[in-house]
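The structure under discussion appears below in the form of structure tokens.
Nothing in this text is a laboratory measurement; each read-out follows from the coordinates by a stated rule. Predicted model, so just to flag it, every value in this text is computed and none were measured. Reconstructed Cβ throughout: ideal geometry from the backbone, glycine too, with neighbour counts over all protein chains shown.
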Amino acid sequence: MGNEIIKIEHLRKDFGSRCVLKDINFTVKPKEVVCIIGSSGSGKSTLLRCINLLERPTSGEIFYHDKDITTGKMSLAKLRSKVGMVFQQFNLFNNLTVLENCVIGQMKVLKRSKKNSEDMAMKFLTKVGMEKFINAKPSQISGGQKQRVAIARALAMEPEVLLFDEPTSALDPEMVGEVLKVMKDLAQSGLTMLVVTHEMGFAQEVSDRVVFMDQGVIVEDDKPEVIFNNPQHKRTQEFLSRML
Ligand code: ADP
Ligand code: MG
């Protein structure tokens, strides 16, 4: 076993008779930023959801360090505090303020005091530039601001790796940049990140590795220079030529 945070071996996921992930193998090491690209329906979200057990794998193993999380022995709350997730639709609690959204998980899951949780929330809300909005409700802020709050909420749990599922896909175009900027800063600060995205510029510029998925398989997993400038597989070439 190496020093991987996440190691996936022969992962398969079926929905009914439909196989949507087939023999997925890959690893995420500390401080790595890995982007996952591919067409809609290729299984990207299902893969992320399997990694924090929002979906149960049909077979195969997913190791968090040396623990196989598919055995059910690790608590889901503990796993999800270590392996955080940021969703396309933000998933903020609309009845809570920005600050409360960033505090509740820390108190419930990590059993932190209210004071410690608030201090931690302020630290990360400041990091994403949302410290002036702590008393706002989600309905009072923009989509880009909501996603920055969702990122601060995830960071306040001090995860070891953060999964992002198309974090800018639900945003108006003028708000995409502010969220990508926050994500780029996080990447440069050494956060381990696994990012499903259609933002090819971000993938090219920020990632250490790019994984291209098609029809439930990993077709290609390589450095961004190779994926974008010299893809080895015809399916990768075809996908990228459609994106440009
Ligand atoms: P992507 O994120 O790459 O667009 P998804 O992982 O969302 O792809 O979906 C992969 C395939 O699995 C799609 O065909 C989708 O319809 C199917 N799928 C996803 N979630 C479910 C589910 N809960 N039940 C049945 N089929 C699903
Ligand atoms: Mg998806």
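Report the full-extension gain for the segment Phe93 to His65: residue separation times 0.36 nm, less the Cα-Cα distance, to one decimal in nm. Could the numbers behind the result be given before it?
Values: separation 28, 0.36 × 28 = 10.08 nm, distance 3.10 nm.
This chain segment gains 7.0 nm when fully extended.
Would you kindly compute the Cα radius of gyration of the range 15-68 and its largest Cα-Cα separation (Dmax), both in Å?
11.9, 37
Using DSSP to call loops (not H, G, I, E or B), can you name the trypsin sites (Lys or Arg not before Pro) in the range 1-99 whose Cβ has at most 12 other Cβ atoms within 10 angstrom? Working shown, then result.
Details: sites: Lys7, Arg12, Lys13, Arg18, Lys22, Lys31, Lys44, Arg49, Lys67, Lys73, Lys78, Arg80, Lys82; in loops: Lys31, Lys73.
Passing both the DSSP loop test and the Cβ count: Lys73.
Which value, in Å³ per residue, describes the convex hull spanned by the Cα atoms of the chain?
Numbers: hull volume 31.7 nm³, N = 244.
Dividing the Cα hull volume of the chain by its residues yields 130 Å³.
Rounded to the nearest 0.05, what FRET efficiency is calculated for Val109 and Lys73 with R0 set to 25 Å and r the Cβ-Cβ distance? Walk me through the intermediate numbers first.
Working: r = 18 Å, r/R0 = 0.71.
After rounding to 0.05, the efficiency reads 0.90.
Going by the alpha-carbon gyration tensor, a ≥ b ≥ c the square roots of its eigenvalues, is the range 121-189 rounded (a/c under 1.5) or, if a/c is not under 1.5, prolate (a/b greater than b/c) versus oblate? Mind dumping the intermediate values first?
Numbers: a/c = 1.64, a/b = 1.07, b/c = 1.53.
It is oblate, given that a/c is not under 1.5 and a/b is not larger than b/c.
Considering the range 44-114, what Rg and Dmax in Å follow from its alpha-carbon atoms?
Rg and Dmax of the range 44-114, Cα atoms, are 14.1, 40 Å.
Give me the distance between the Cα centres of the range 70-97 and the range 1-59, rounded to whole Å.
Distance between centres, Cα-based: 17 Å.
How big is the range 1-96 on each of its three principal axes, counting only the C-alpha atoms and giving the largest first in Å?
If we take the Cα atoms of the range 1-96, the spans are 43, 32, 27 Å.
Report, for the range 104-236, the % of DSSP beta bridges that are antiparallel, rounded to 5.
50
Can you tell me the mean projection area, over all orientations, of the convex hull of the range 182-227's alpha carbons? Units nm², please.
Values: hull surface 13.4 nm².
Approximately 3.4 nm², given one-decimal rounding.
Looking at this model, which pairs from Lys73/Lys184; Lys13/Lys67; Lys111/Lys223; Lys31/Lys73; Lys137/Lys181 are more than 31 angstrom apart at the alpha-carbon?
Working: Lys73/Lys184 34 Å; Lys13/Lys67 20 Å; Lys111/Lys223 40 Å; Lys31/Lys73 26 Å; Lys137/Lys181 23 Å.
Those over the limit are Lys73/Lys184; Lys111/Lys223.
List Met157, Met193, Met243 from most exposed to least, where exposure is judged by having the fewest other Cβ atoms within 10 Å.
On the way: Met157 21, Met193 24, Met243 11.
The fewest-first ordering by Cβ neighbours comes to Met243, Met157, Met193.
Extending each Cα 7 Å along its Cβ direction at Lys184 and Asp119, get the distance between those two points in nm, one decimal.
Label at Lys184, label at Asp119, 3.3 nm between them.
What is the spin-label model distance, in nm, from Arg56 to Arg242 if the labels are put 7 Å beyond Cα along the C-beta direction?
Here the modelled spin labels are 3.3 nm apart.
Tell me, Leu244, Leu186 in order of fewest to most beta-carbon neighbours within 10 Å?
Values: Leu244 6, Leu186 20.
Result, fewest neighbours first: Leu244, Leu186.
Taking the Cα centre of the chain as the origin and placing charges on Cβ (Lys, Arg +1; Asp, Glu -1), which of Leu125, Met183, Leu171 is farthest toward the positive end of the dipole?
Farthest towards the positive pole: Leu125.
For the chain, what proportion of DSSP beta bridges, expressed in % and rounded to the nearest 5, is antiparallel?
Values: 19 of 36 bridges.
Antiparallel bridges make up about 55 percent of those DSSP assigns within the chain.
For the pair Asp172 and Cys19, what calculated FRET efficiency results from E = 1/(1 + (r/R0)^6), where r is the Cβ-Cβ distance and R0 = 30 Å, to the nearest 0.05?
On the way: r = 36 Å, r/R0 = 1.19.
For R0 = 30 Å, the calculated efficiency reads 0.25.
State the Kirkwood hydrodynamic radius of the range 129-244 in Å, one decimal place, computed from all pairs of distinct Cα atoms.
Working: mean 1/r = 0.0640 Å⁻¹.
The answer is 15.6 Å.
Return Asp165, Asp208 ranked ascending by Cβ neighbour count within 10 Å, so the fewest neighbours appear first. Let's see the in-between values first.
On the way: Asp165 21, Asp208 15.
Least crowded to most crowded, the residues run Asp208, Asp165.
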